[in-house]
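Any read-out appearing in this document is the output of simple, stated calculations on the displayed coordinates, not a laboratory observation. A quick note: this is a predicted structure, and the numbers were derived from the prediction, not measured. Every residue, glycine among them, receives a Cβ derived from its backbone with ideal geometry; neighbour counts consider all protein chains shown.
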Amino acid sequence: MENNKRTSFSGSIGFVLAAAGSAVGLGNIWRFPYLAAKDGGGLFLVIYVVLALTFGFTLLTTEIAIGRKTKQSPLTAYEKVHPKFKWIGTLACIVPMLIIPYYGAIGGWVVKYFVAFCTGGASKAASDGYFTGFITAPVEPVIYMFIFLLATSFIIYLGVDKGIEKVSKILMPVLVVLVIGIAVFSLTITHTDETGTVRTGMEGLKIYLIPSLEGKTIKDVFIVVMDAMGQLFYSLSIAMGIMVAYGSYVRDDDNLMRSINQIEIFDTAVAFFAGVMIIPAVFAFMGSEGLTSSGPGLMFISLPKVFDEMGGVGTVIGIIFFISVIFAALTSCISIMEAIVSSFMDRFNMSRKKATIIEGLIAIGVGVIVCLGYNALYFEVPLPNGATAQILDIMDYLSNNILMPVVAISTCILIGWVVKSSYVIDEVTKTGAKFGRKQLYKVMIRFIAPVLLVILLLEALGII
Ligand code: PHE
């Protein structure tokens, strides 16, 4: 596509909401609260916010600036920055191709729960074995994945301003209202269990907010830092090609710094409120035991049980909860598909329609394999980081834990050492905008961010 014909977001609000739509996803609603519960609540929160303002800010700014400066999607952007670094573009395009099929499969699970709650199946959804029964079925998960990815493809087909921007402008504000609404409700809960113990949502909030260092060794704190960094990285949609693609649609007269700050605040605030919505409710009904033992099953196993225990109101809250998660997941899935579709368009000079159809078919095809990974194609392998994996986990591990840190480390080397940080700083300040935290940026991109990323990668590889 010729540069002068490239479509763009209509203005900075459209860009901020689309990018926030990408950033706010399953990671915020499902993973953040579960990590916070596991890692000592307040301690995790404090570390997360500090890293967001330094590490996250550096990487987010870098990718958006690369996109806007080159006016290219990830596959072709990096070679424009420096011809010898063309391969980062290839990697940054493989990452979304790996993520989209399994994100689509999980998006489908959320749709299934939404449908179950709407059709009076709340108690059934709370019963033991429901989740496993559903994901190991041969046909149903495939159908829901298909619906979710078809909706994603349709919005991508409509284009940047008429599809992505329009949908984000509607869904994101609604999402914020719903999440805050449930969070407030969650704080009002009082529950008495069979043993007569009374627990309240407010007590759960305290566990979430107050940092506890009790019994924590240096190694535990190190794990919290690593968890927070991995989460942040994923949550801001960094190293997936997305922010480069979205950056390429930002108008030259937009104040990038202001938009980046807004995106970060949006993403962190939604993650925080997701915790306020989930942790007090799970604590009131299941106690601190329930919080730490739920793990990744928090959203699909523990929460339906909590909604069920609430009685009639639980069905309504459940419906609102799952529709919020659908919105969050859909806007993220859109962004990851756009990273690929825009890459096909730029590299092969394809029309949006053709690129969308091709990528839609690939995503759905691989999505079927991911779903069948719990049925006909079931197997288990141990991963270097100690986890046991099926197809979905393997794709998640390869993209998230290996390729994403590699893309980010290479980007830091490219910008920090090869073309130098002025490449990004000049792009951000070209409209006369001020680059706050400029000195911090220079140090982060050259030294601190790559070192932290290497540690993250070594941890994922099971070396440390
Ligand atoms: N930031 C997203 C989230 O928190 C991560 C993501 C974006 C994943 C786009 C897939 C696609 O869920």
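Here are some notes:
- Scope segment 16-72; condition within 15 Å of the ligand (Cβ to nearest atom) and either acidic (Asp, Glu) or assigned to a loop (DSSP other than H, G, I, E, B) (or both); matching residues: 24, 25, 63
- Of everything in segment 171-213 that is without any contact (Cβ under 8 Å) to a residue 12 or more places away in the chain and over 30 Å from residue 22 (Cβ atoms), the residue that is surrounded by the most Cβ atoms within 10 Å (Cβ to Cβ) is 206.
- Some residue of segment 355-367 being within 14 Å of the ligand (Cβ to nearest atom) and in contact with a Ser or Thr (Cβ under 9 Å, 6 or more places away or on another chain): yes
- Pick from segment 214-265, criterion touching a residue at least 60 places away in the same chain (Cβ under 8 Å) and of a type in the set (Phe, Trp, Tyr), ranking: nearest to the ligand (Cβ to nearest atom): 234
- Of the residues 300, 285, the single one that is surrounded by fewer than 24 Cβ atoms within 10 Å (Cβ to Cβ), of a type in the set (A, V, I, L, M, F, W, C) and in contact with a strand residue (DSSP E or B) (Cβ under 8 Å, 6 or more places away or on another chain) is 285.
- Where residue 356 falls short, out of the listed (1) in contact with a Phe, Trp or Tyr (Cβ under 7 Å, 6 or more places away or on another chain); (2) within 30 Å of residue 127 (Cα to Cα); (3) surrounded by 24 or more Cβ atoms within 10 Å (Cβ to Cβ): (2)
- Taking the listed residues 98, 45, the one that is in contact with a strand residue (DSSP E or B) (Cβ under 8 Å, 6 or more places away or on another chain) and either in contact (Cβ under 8 Å) with a residue 12 or more places away in the chain or surrounded by 23 or more Cβ atoms within 10 Å (Cβ to Cβ) (or both) is 45, with no other qualifying.
- On the stretch given as segment 27-43, residues that are in contact with a Leu (Cβ under 8 Å, 6 or more places away or on another chain), farther than 14 Å from residue 215 by Cα and of a type in the set (A, V, I, L, M) total 2.
- Residue within segment 313-324 that is within 21 Å of the chain's Cα centre (by Cα), over 30 Å from residue 355 (Cα atoms) and not β-branched (Val, Ile, Thr) present: yes
- Whenever a residue of segment 412-439 is of a type in the set (S, T, N, Q), its partners that are in a loop (DSSP other than H, G, I, E, B), lying with C-beta atoms within less than 8 angstrom and at least six residues away or across chains, give the pairs 429/435; 431/252; 431/253; 431/254; 431/255.
- Filtered residue count, segment 13-26, keeping only those that are surrounded by 24 or more Cβ atoms within 10 Å (Cβ to Cβ) and either farther than 22 Å from residue 260 by Cβ or not hydrophobic (A, V, I, L, M, F, W, C) (or both): 3
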